[in-house]
1. So if I check each of ASN427, ASN409, which one is more than 26 Å from ASP298 (Cα to Cα), part of a helix (DSSP H, G or I), in contact (Cβ under 8 Å) with a residue 60 or more places away in the chain and within 22 Å of the chain's Cα centre (by Cα)?
2. Go through the range 151-175 and give me each residue that's assigned to a strand (DSSP E or B) and open to solvent by less than 10 Å² (accessible area, probe 1.4 Å).
3. For the range 368-403, what are the residues that are of a type in the set (Val, Ile, Thr), within 17 Å of LEU315 (Cβ to Cβ) and open to solvent by 20 Å² or more (accessible area, probe 1.4 Å)?
4. Is the range 319-326 home to any residue that is within 21 Å of the chain's Cα centre (by Cα), modelled with pLDDT of 95 or more, under 19 Å from TRP208 (Cβ atoms) and open to solvent by 10 Å² or more (accessible area, probe 1.4 Å)?
5. Please specify each residue of the range 152-179 satisfying the condition of being over 27 Å from the mean Cα position of the chain (by Cα), over 17 Å from MET246 (Cα atoms) and among the small types (Gly, Ala, Ser).
6. Please tell me if ASP275 is among the acidic types (Asp, Glu), under 20 Å from ILE153 (Cβ atoms) and more than 21 Å from the chain's Cα centre (by Cα).
7. Please count how many residues of the range 347-380 are touching a residue at least 24 places away in the same chain (Cβ under 8 Å) and either part of a helix (DSSP H, G or I) or under 24 Å from ALA207 (Cβ atoms) (or both).
8. Checking the condition β-branched (Val, Ile, Thr), open to solvent by 30 Å² or more (accessible area, probe 1.4 Å) and not in a helix (DSSP H, G or I), which residue from THR267, THR219 passes?
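The values are calculated or read from the model by the stated rules, or taken from the named source; none is laboratory data. Quick caveat: nothing in here was measured; it's all calculated off a predicted structure. As a convention, Cβ positions derive from the backbone with ideal geometry for all residues, glycine included, and neighbour counts pool all protein chains shown. Accessible surface areas use protein heavy atoms only, side chains included; no ligands, DNA or RNA. Shrake-Rupley method; radii C 1.70, N 1.55, O 1.52, S 1.80 Å.
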Amino acid sequence: MGDRRRSRRLAAVLVVTGLACATAACGAGSDSAGGDPNTLEVWTRSNPDSAATYERVFDAFTKKTGIKIDYQPVVNFDQQLQSRASTKDLPDVMINDTALMGSYQSQGLLKAIDPDAIEGHDQIAAKSWSSTVGIDGKHYGIPYSRQAMTLMIRKDWLRKLGLQAPTTWQEMLSVAKAFATRDPDGDGKADTYGMVVPGSAQNGYVAWWGAGFLWQGGTNIVEPDGKGTYKPDMDSPAAVNTVTWMKDNLFCGDNAVTQPGALTAVTSTATNFQDGNAGMYMTGPYNIVTFDQALGKDAYEVVPAPAGPAGGDALAEGENIYFGAKTGKAKQEQALAAFLVSAEGQKLAMTGGNQPVVRIPVNSTLDAATVHDDARWSVVQKAYEDASRQFPNAPDFAPIKQDTADSLNAIFTYCEGDVRSQLKELNETLAGDLKDQDLLK
């Protein structure tokens, strides 16, 4: 199993790093920013809606400082980044997921950052700064945006069926079954589903979505020892009990409450909630704009993740500002970072346009609900502050997430399998992932 895992990963790396820098984004950034000391090449992983918001933010920065931004919204971010890395010509600044920091840092793609060099660093909470610390104890990112998964639920369906929003797993399961069987949309047809799940193994989706359940059930996927090493935790009694509960109640048997095709769905295809035929979705606040447009604000509400046996912690995510491992523009990069985390920069990124790119502000002088003028954001902010945890940021978590997703997807797909033995095999695989990074306890 370990040999197959390493061979598969090596093949993927060779394919990605062997790509030529052939796109307009790659070539334009390299030519236009590289020779001008007062121009920063900045990349974000963005669709057109979020890119338009970033454009407004960068325009305001240039107007204020005179520093120009060669902005590249890149959809295939990691693929393009590897291409640029192979030419040793990285972007000056990147804004991307917190969970990718360990992978980028282990490849030598990032410059270490001194928080004290960033104006306004003291307005960012210690919890957010902690997610930018690498294996060596240095910071490799600057917090930019944070968020936590919450439960989006059809409150009009709850009213029709005389139900309350769930606060525990068992209540959630009861509501999901009612949504699936009691015709909450009143059309007289059996065409509604209890819960939306992006359960594909592709890009680790089912592990990303299911992480909250694992934590709420008492397992940590991998467990830090406080000394810079980790041990896998997916064959523990808590893990076996949690995964068995998920399999039996969400995916398998006559009482399964997820949408058809859940185990092949990714976020772009798991559209049943906004399509109006599913009642619950554990997801991030970036979907609020989409759901408001599709369903209307009055049709659903945002509530904390229902608690399991070990509590209610949900997945926290976000984006960091990264400085590419190149030299010569430190002052300009620091100036941009300071603007992006300032109250002015954060507000610009939270308002206007179709899609905010800052959800929960990292600037502690701001309140999400006040800036958005929407009380639902206070639920998300409280969830992040009080009941969330992140994937470990110092290791390269990508292979751990992917191997966990492969195993969970197989367990939920082949319902007659033995969960205990399947998780024991997963645990051995995760030990190999950690050993590959010299992080196994």
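1. Numbers: ASN427 fails: within 22 Å of the chain's Cα centre (by Cα).
Going through ASN427, ASN409 in turn, just one is more than 26 Å from ASP298 (Cα to Cα), part of a helix (DSSP H, G or I), in contact (Cβ under 8 Å) with a residue 60 or more places away in the chain and within 22 Å of the chain's Cα centre (by Cα): ASN409.
2. Correct list: LEU151, MET152, ILE153.
3. Hit for the range 368-403 is VAL379, nothing else.
4. Yes: the range 319-326 contains one or more residues that are within 21 Å of the chain's Cα centre (by Cα), modelled with pLDDT of 95 or more, under 19 Å from TRP208 (Cβ atoms) and open to solvent by 10 Å² or more (accessible area, probe 1.4 Å).
5. Within the range 152-179, GLY162, ALA178 meet the criteria.
6. Working: among the acidic types (Asp, Glu): yes; under 20 Å from ILE153 (Cβ atoms): yes; more than 21 Å from the chain's Cα centre (by Cα): yes.
Answer is yes for this residue.
7. Selection size over the range 347-380: 10.
8. Details: THR219 fails: open to solvent by 30 Å² or more (accessible area, probe 1.4 Å).
Of THR267, THR219, the one residue that is β-branched (Val, Ile, Thr), open to solvent by 30 Å² or more (accessible area, probe 1.4 Å) and not in a helix (DSSP H, G or I) is THR267.
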